[in-house]
Amino acid sequence: MAMSEAAMVPLDGGELSNPRGLALSRSLKVNPADNVTGYKSFEMGKFKFRRDEYFVHIDTPKTTYAMSADAFLRALMRDVAWGFFYGTVNFDPVFGTTNYYGEVDMFLGALNEAYTRAGREHVERFKADELMPMFKEMVSDWTNEGFDPFAAPQETGTPWGEKNGDNDAAVSRERVTARRMVGLEGDTPLRTDGNGYPVNRMFLDVEQDQPEVHTEPGFEGEVAAYNLFGYLSRSDVTWNPSVCSVVKDSLFCPTTEEYILPVEHGNDRCEWFIQLSDEIIWNIKDGETGRPRAVVRMKAGDVACMPADVRHQGFSPKRSMLLVWENGSPKIPELIRQGLAPNVAVQF
Ligand code: PHB
Ligand code: FE
């Protein structure tokens, strides 16, 4: 979710956590566009990335790997927009990044039991502000005109084929991160037809009225309310939680979901899900090994807490509304690693 400013600073202002004890890698190389496909290729540390008409190819010293360009770009878009997010962003069961808030591990196979058993995993550590520019250039160069990696598949064109224009307007979208709450004076504005956010085709039945707020004199600008369902019905993106209210470390990050969450998110803390409408099916796997652990089918009104040691990926058959509730404290991941905070938020 939105990395709150606090979440981006090193723990206690001190050393960055580095559980694998990796030295820093660098050396970015951007190779010119391929004569045939028109796409640039990229090298970072010992990772090599290229795309062709259908696939993204990733080479490491120990193995070679391919992903659908569609799935790769949707995942890359989230990793870029979320600033490497909380914990691990698995693009799929093999490739991904783990955020240490200032530095990032990029891995192939390191969180996949079959790869680690065979000794085929590869992981390197980068400064976040050195890896991010490469990811941004990659998502810009590899996204063709008409394809929006944030959109539901039924609401966008396809990513396939030789390089054909770009969609920089879509891939550089700023994510909503309210400072206090959507709709407060000077904070993130409400969405309206007028500012470019029409109601989505699947939420035409959502009421659009707004609460009336009558503020006591002296509290002007301090009291606000808005129709969250109306706000979400006008989201133009999927699987992109935005920070809509902030109370200290408590971040309410609602989002609208359709089709598949493009990443398997490996938490570094617990997070709560409140299903606000319709239904999402979550595949839950072990965070370290990728072994399947549970399937959770959430219907409107259901509440679940994802433990801190899993990865999870949601499937939303119809556009739905989900509230993701995060604790943005930068101290939590290290407390969990040291066994000082539990993996579960509640025990019954
Ligand atoms: C999550 O990883 O918890 C997550 C990410 C994106 C969403 C919903 C949930 O849209
Ligand atoms: Fe998550």
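The values are calculated or read from the model by the stated rules, or taken from the named source; none is laboratory data. It should be emphasised that the depicted structure is a prediction, and the values quoted were computed from it without experimental measurement. For neighbour counting, all protein chains shown are included, and Cβ atoms are generated from backbone atoms with ideal geometry for every residue, glycine included. Side chains included, ligands, DNA and RNA excluded: accessible areas come from the protein's heavy atoms. Shrake-Rupley method; radii C 1.70, N 1.55, O 1.52, S 1.80 Å.
Would you confirm whether or not segment 185-192 contains a residue that is assigned to a loop (DSSP other than H, G, I, E, B), surrounded by fewer than 16 Cβ atoms within 10 Å (Cβ to Cβ), modelled with pLDDT of 95 or more and among the charged types (D, E, K, R)?
No, the conditions are met nowhere in segment 185-192.
Working carefully through the options D166, D79, D92, D105, find the one that is part of a loop (DSSP other than H, G, I, E, B) and either buried (at least 22 other Cβ atoms within 10 Å of the Cβ) or within 16 Å of ligand 2 (Cβ to nearest atom) (or both).
Every option except D92 fails the conditions.
Restricting to segment 279-293, give me the number of residues that are in a strand (DSSP E or B) and surrounded by 11 or more Cβ atoms within 10 Å (Cβ to Cβ).
So the answer is 9.
Taking segment 324-348 on its own, how many of its residues are within 13 Å of ligand 2 (Cβ to nearest atom) and polar (S, T, N, Q)?
Residues meeting the conditions: 1.
Mind listing just one residue for me: the one in segment 218-236 that is open to solvent by 10 Å² or more (accessible area, probe 1.4 Å) and hydrophobic (A, V, I, L, M, F, W, C) and, of those, nearest to ligand 2 (Cβ to nearest atom)?
L228
Can you pull out every residue in segment 115-129 that is over 21 Å from V56 (Cα atoms), part of a helix (DSSP H, G or I) and open to solvent by less than 70 Å² (accessible area, probe 1.4 Å)?
Residues satisfying the conditions are T116, A128.
Inspect segment 7-29 for any residue being modelled with pLDDT under 95, surrounded by 19 or more Cβ atoms within 10 Å (Cβ to Cβ) and out of contact with any Asp or Glu (no Cβ under 7 Å at 6 or more places or on another chain) and give the result as yes or no.
There is at least one residue in segment 7-29 that is modelled with pLDDT under 95, surrounded by 19 or more Cβ atoms within 10 Å (Cβ to Cβ) and out of contact with any Asp or Glu (no Cβ under 7 Å at 6 or more places or on another chain).
What are the pairs, 6+ residues apart or on separate chains, where a residue within segment 23-44 that is farther than 18 Å from F107 by Cα and of a type in the set (D, E, K, R) has its Cβ under 6 Å from a residue that is modelled with pLDDT of 95 or more and assigned to a loop (DSSP other than H, G, I, E, B)?
What qualifies is K40/A33.
Please count how many residues of segment 235-248 are part of a loop (DSSP other than H, G, I, E, B) and within 16 Å of ligand 1 (Cβ to nearest atom).
Here the count works out to 9.
Here is a check on your reading of the model: is T64 among the β-branched types (V, I, T), farther than 17 Å from T156 by Cβ and crowded, with 21+ Cβ neighbours inside 10 Å?
No: the conditions fail for T64.
Return yes or no: is S329 among the polar types (S, T, N, Q), out of contact with any Pro (no Cβ under 7 Å at 6 or more places or on another chain) and within 12 Å of ligand 1 (Cβ to nearest atom)?
The answer is no for S329.
Residue check, P149 against (1) free of Cβ contacts under 8 Å to residues at least 24 places away in the same chain; (2) closer than 29 Å to N200 by Cα; (3) open to solvent by less than 10 Å² (accessible area, probe 1.4 Å), all met but one. Which one?
(1)
Any idea how many residues of segment 249-268 are within 11 Å of ligand 2 (Cβ to nearest atom), part of a loop (DSSP other than H, G, I, E, B) and either open to solvent by less than 10 Å² (accessible area, probe 1.4 Å) or under 20 Å from D187 (Cβ atoms) (or both)?
Of the residues in that region, 1 qualify.
Only one of M306, M321 is open to solvent by less than 40 Å² (accessible area, probe 1.4 Å), at pLDDT 95 or above, under 17 Å from the mean Cα position of the chain (by Cα) and away from ligand 2 (no atom under 15 Å from the Cβ); which?
M321
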